[in-house]
1. May I ask you to list the residues in the stretch 113-134 that are over 23 Å from residue 83 (Cα atoms) and without any contact (Cβ under 8 Å) to a residue 12 or more places away in the chain?
2. For the stretch 9-33, what are the residues that are under 18 Å from the mean Cα position of the chain (by Cα) and more than 21 Å from residue 92 (Cβ to Cβ)?
3. Here is a list of conditions, (1) more than 27 Å from residue 162 (Cα to Cα); (2) open to solvent by less than 60 Å² (accessible area, probe 1.4 Å), and residue 36 meets all of them except one; can you say which number that is?
4. I'd like to verify a number: residues in the stretch 1-33 that are in contact with a helix residue (DSSP H, G or I) (Cβ under 6 Å, 6 or more places away or on another chain), in a helix (DSSP H, G or I), open to solvent by 80 Å² or more (accessible area, probe 1.4 Å) and not acidic (Asp, Glu), how many?
5. Given the condition of a type outside the set (Phe, Trp, Tyr), closer than 19 Å to residue 152 by Cα and in contact (Cβ under 8 Å) with a residue 12 or more places away in the chain, answer yes or no: does some residue in the stretch 29-42 qualify?
6. I need a count of the residues in the stretch 150-166 that are closer than 21 Å to residue 58 by Cβ and either surrounded by fewer than 13 Cβ atoms within 10 Å (Cβ to Cβ) or more than 19 Å from the chain's Cα centre (by Cα) (or both).
Amino acid sequence: MGNREDLLAGARRCLEEKGYLRTTVRDIATASKVSMAAIGYHFGSREVLLNQALFTAMDEWAAGSGRLTGQGDTAVERYADTWDRKIRDFGDMSWLWIANVEAFVHAQSSPELLAVLAEGQRRSRRMVAAQLRGVSEDAVTEEDVRALGSVHIALLTGVMVQCLTDPEHTPDGQSIARGLRAMAELLDG
């Protein structure tokens with residue numbers, strides 16, 4: 001690996017061990033065994049490097065277990081299984097979710113980071129809506145992106161926060177599916 005790759009790997013280790021907000025330039029340089037000056041040369045700033053390491057980790061998660069493809073005979077069983085996997089990930093990879101929350105907090109005073117997070121959220125809404133409809137991202141309607149995608153992202157964020165805050169009382173996949181069904185019945189009534 002070159003210095004750039006070493007810095008990305010070191011930044012990821014720092015995110016796992018210290019989180020987004022507590023990681024310093026010195027921490028990254030030490031973890032990557034690269035000079036502090038190399039961070040500025042390759043990335044411009046600590047924030048840009050941490051963002052890239054965080055977004056790469058999120059993309060890896062989304063490409064793997066983050067997909068909306070569960071096991072089961074019915075749509076409800078597949079959806080519940082998908083949630084059970086996500087909830088396990090929230091516990092097993094708590095560093096990733098905590099770093100995301102910390103990045104969101106930091107973004108409130110960083111317009112550049114806020115813009116990047118907002119764009120990522122827009123892409124996620126489209127991806128999720130397409131997965132739920134079983135169509136390509138090009139074929140998903142804007143209404144599904146705004147409604148279906150937004151609701152699923154809101155659920156994802158809310159369940160993640162519940163899992164990080166009170167893991168013993170986090171709902172399981174079946175509870176989430178039942179809750180959505182009950183909400184739909186209330187809205188139909």
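The values are calculated or read from the model by the stated rules, or taken from the named source; none is laboratory data. Because the structure is a prediction, the values reported are computed rather than measured. With ideal geometry, Cβ positions are generated from the backbone for all residues, glycine too; neighbour counts draw on all protein chains shown. Surface areas here come from the heavy atoms of the whole protein model, side chains and all, with no ligands, DNA or RNA. Shrake-Rupley method; radii C 1.70, N 1.55, O 1.52, S 1.80 Å.
1. 114, 115, 118, 119
2. The answer is 21, and nothing else.
3. (2)
4. 2
5. Narrowing the stretch 29-42 to residues of a type outside the set (Phe, Trp, Tyr): 29-40, 42.
Restricting the remaining residues to those that are closer than 19 Å to residue 152 by Cα gives none.
The answer is no, given that none of the residues of the stretch 29-42 is of a type outside the set (Phe, Trp, Tyr), closer than 19 Å to residue 152 by Cα and in contact (Cβ under 8 Å) with a residue 12 or more places away in the chain.
6. Qualifying residue count for the region: 3.
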